[in-house]
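The next block holds one structure in the form of structure tokens; read it before the comments.
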Amino acid sequence: MTKQPDYIPVSKFLDELRRYQKGSVTRRHFLGVTGLGLATAVLGGAMPGLRPRKAYAGLSGTLNFTTWPSYFAQENLDNFTKNTGVKINVAVFGSNEEMLAKLQAGSTGWDVFVPTNYAISTYKDLGLVQPIDLARLPNYDAASQEQRFTAEGVIDGKVWAVPKNWGTTGFAYNSKAMAQKPTTWKEFWDLTRNEATGRVMVHDYQLTTIGNALKYFGYSFNSNDPKELGEAEKLLIEAKPHLFGINSDYKPSLISGDAWMSVCWTGDAVQLQRDMPEFVYVLAKEGGEIWSDFYAITKDAPNPDAAYAFIDYILTPEINAIEVQAHGYPSTDSRTNKLVPKEMLENPVLYPAAEALAPLEFGAAATLTNPLRAEIMARFKAA
């Protein structure tokens, strides 16, 4: 009987995978050290880095990738270019409203972009995205996805986007800079106008900024009720002079110490805590947002072949595990989660307890195109 190889720990596997991808070690070394020599045929279908180069035959040009701040592993992008010859041009946006406006204006040149769950139906209805041909994504397995985070990518029986990862929207604060230990949106907004004046940031994104102002009063994160929105606007206008800034790329200001507290996404909290453990991430007791992001291909993508190759590459579990470790957002893919270090799976910022998730709401499509919400955000920013 042939002796089966002894497999190495996941962390060691990923270290060796990165060395292989960077060209630091040979293919023979990688397969030997990881004990995967007997599984080469299987891995050839599962890992783009081990596939024959013909898998990328015919790819060329540039891939225009539009995403969110601090939301990808640069080494994965570099390795995709190395394997395919396709250069990647990254554009960063801070809200779905901004992405939508850009796409509606036309001639973006985007190939792949990252919409949030609640926005996909709008992109589809406006003819801004193309349906996804899953046959061109052999590394994507719908059965391995956590369904509560993936359903909104399928509309009328067609797949319009495939899941990237999921997360929550809370707030982060510097526990060394602030004596108070806020746990609610009421405390967040009250501190903004008092003890933390001049040191607080909110997103340049109406869904989260208006949504979390609504939570101050106990209203739904997704409310489109004019009276409730009016109360939220009053709070925002009162808070505006006390803010340090309105910016979805808030992490640099928190790191520098210019800001002490900000509305914050899961992965940014993880990234902050890696270098500055004094940052505390809070899922407010009143609730807030839970969300999932997706990869989508624009209707007029200039380089659709590269778009499919890129999404397929990123969704390979081994590659996706590197993504998760870099940006700190949990994957929807059970295959990827098996490759993520245990300490990340046990991190309550990434995987909050059920009771912390219970009051959270997924964003609603109607909030994206509500003109009153857009007007409120514009008046808030102009105040």
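The values are calculated or read from the model by the stated rules, or taken from the named source; none is laboratory data. A quick note: this is a predicted structure, and the numbers were derived from the prediction, not measured. Neighbour counts are summed over all protein chains in view; Cβ atoms, including those assigned to glycine, are modelled from backbone coordinates with ideal geometry. Ligands, DNA and RNA are stripped out before the accessible areas are found, and what is left, the full protein with its side chains, is counted by its heavy atoms. Shrake-Rupley method; radii C 1.70, N 1.55, O 1.52, S 1.80 Å.
Worth a mention:
- Residue match in region 172-179 (condition: open to solvent by 20 Å² or more (accessible area, probe 1.4 Å) and closer than 20 Å to F380 by Cβ): no
- Residue within region 253-269 that is under 20 Å from L368 (Cβ atoms) and open to solvent by 10 Å² or more (accessible area, probe 1.4 Å) present: yes
- Extreme residue, most open to solvent (accessible area, probe 1.4 Å), among residues of region 219-242 that are of a type in the set (A, V, I, L, M, F, W, C) and assigned to a helix (DSSP H, G or I): I237
- For first residues located in region 347-373 and free of Cβ contacts under 8 Å to residues at least 24 places away in the same chain, partners that are part of a helix (DSSP H, G or I) and open to solvent by 20 Å² or more (accessible area, probe 1.4 Å) and lie 6+ apart or on another chain with Cβ distances below 7 Å form the pairs Y351/L345.
- Cβ-Cβ contacts under 7 Å between residues 6 or more apart (or on different chains), taken from a first residue in region 135-155 that is of a type in the set (G, A, S) to a second residue that is open to solvent by 50 Å² or more (accessible area, probe 1.4 Å) and in a helix (DSSP H, G or I), are listed as S144/S334; S144/R335.
- Restricting G287, G328 to residues that are on the phi > 0 side of the Ramachandran plot, over 17 Å from the mean Cα position of the chain (by Cα) and not aliphatic (A, V, I, L, M) narrows the list to G287.
- Of all residues in region 270-280 being open to solvent by 30 Å² or more (accessible area, probe 1.4 Å) and touching a Phe, Trp or Tyr at 6+ places or on another chain (Cβ under 8 Å), the one that is farthest from Q206 (Cα to Cα): Q273
- In the set F279, F294, only one residue is in contact with a Gly (Cβ under 6 Å, 6 or more places away or on another chain) and not β-branched (V, I, T); that residue is F294.
- Screening the candidates L126, L214 for the property of being modelled with pLDDT of 95 or more, loosely packed, with under 14 Cβ neighbours inside 10 Å and either hydroxyl-bearing (S, T, Y) or closer than 27 Å to A378 by Cα (or both) yields one hit, L126.
- Taking every residue in region 95-123 that is over 26 Å from G211 (Cα atoms) and open to solvent by 10 Å² or more (accessible area, probe 1.4 Å) and pairing it with any residue that is at pLDDT 95 or above and among the basic types (K, R), at least 6 positions away or on another chain, the pairs with Cβ-Cβ distances below 7 Å are T108/K102.
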